[in-house]
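Let me begin by presenting the structure, written as structure tokens, before commenting on it.
The values are calculated or read from the model by the stated rules, or taken from the named source; none is laboratory data. Remember, predicted model here, so these are calculated numbers, not experimental data. Cβ sites come from the backbone with ideal geometry, for glycine too, and all protein chains shown count toward neighbours. The protein model used for the area step is the full one, side chains on, heavy atoms only, and it has no ligands, DNA or RNA in it. Shrake-Rupley method; radii C 1.70, N 1.55, O 1.52, S 1.80 Å.
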Amino acid sequence: MIHVIAAIELNEGTRESFLAEFHKIVPEVLQEDGCLEYGPTVDVATNISAQVEPRENVVTVVEKWEDIEALEAHLVAPHMLAYRERVKSMVRSATLHILQPA
């Protein structure tokens, strides 16, 4: 099993539009072979000192996949290619952290 933390930095003022598009693909992604968990999250303000300041223009996607092959297939799935085309004008950058249980 692998975990993926994808931080997507958005252009200012586009988070709600981005999330609307993102939520459209979640049911399709959850039906993909090997997908165990997939969903967007946003920062929440707390009084916990170790937490970074909330980022208004970042959506963090939390994913869990059976294996690397399932993740690789996800990245080229037709619905993901179409989704990326729809949101590309909203996205400033994206980073992935691909992890395994230790």
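Looking at the stretch 3-24, which of the residues that are farther than 18 Å from CYS35 by Cα and out of contact with any strand residue (DSSP E or B) (no Cβ under 7 Å at 6 or more places or on another chain) is most open to solvent (accessible area, probe 1.4 Å)? For the stretch 3-24, the residue satisfying everything is GLU12.
For the stretch 46-55, check the following and say yes or no: at least one residue is among the hydroxyl-bearing types (Ser, Thr, Tyr) and surrounded by fewer than 13 Cβ atoms within 10 Å (Cβ to Cβ). The answer is yes, given that some residue of the stretch 46-55 is among the hydroxyl-bearing types (Ser, Thr, Tyr) and surrounded by fewer than 13 Cβ atoms within 10 Å (Cβ to Cβ). If you go through the stretch 29-45 and keep only what is under 15 Å from ALA77 (Cα atoms), open to solvent by 90 Å² or more (accessible area, probe 1.4 Å) and not polar (S, T, N, Q), you end up with just ASP33.
So, GLU21, is that one farther than 22 Å from MET1 by Cα, touching a residue at least 24 places away in the same chain (Cβ under 8 Å), assigned to a loop (DSSP other than H, G, I, E, B) and out of contact with any Asp or Glu (no Cβ under 7 Å at 6 or more places or on another chain) or not?
Values: farther than 22 Å from MET1 by Cα: yes; touching a residue at least 24 places away in the same chain (Cβ under 8 Å): yes; assigned to a loop (DSSP other than H, G, I, E, B): no; out of contact with any Asp or Glu (no Cβ under 7 Å at 6 or more places or on another chain): yes.
No; evaluated as a whole, the condition is false for this residue.
Residues of the stretch 56-102 that are open to solvent by less than 70 Å² (accessible area, probe 1.4 Å) and charged (D, E, K, R): GLU63, LYS64, ASP67.
Checking the conditions here, which among VAL62, VAL26, VAL52 is more than 14 Å from the chain's Cα centre (by Cα) and among the β-branched types (Val, Ile, Thr)?
Details: VAL62 fails: more than 14 Å from the chain's Cα centre (by Cα); VAL26 fails: more than 14 Å from the chain's Cα centre (by Cα).
The match here is VAL52.
Contact map, the stretch 64-79: residues that are among the acidic types (Asp, Glu) paired with residues that are surrounded by 12 or more Cβ atoms within 10 Å (Cβ to Cβ), Cβ distance under 7 Å, separation 6+ or inter-chain. Pairs shown: GLU66/MET1; GLU66/GLY34; GLU66/LEU36; ASP67/ILE2; ASP67/GLY34.
Selection over the stretch 31-76 of residues that are over 23 Å from GLU9 (Cα atoms) and assigned to a helix (DSSP H, G or I) gives a count of 4.
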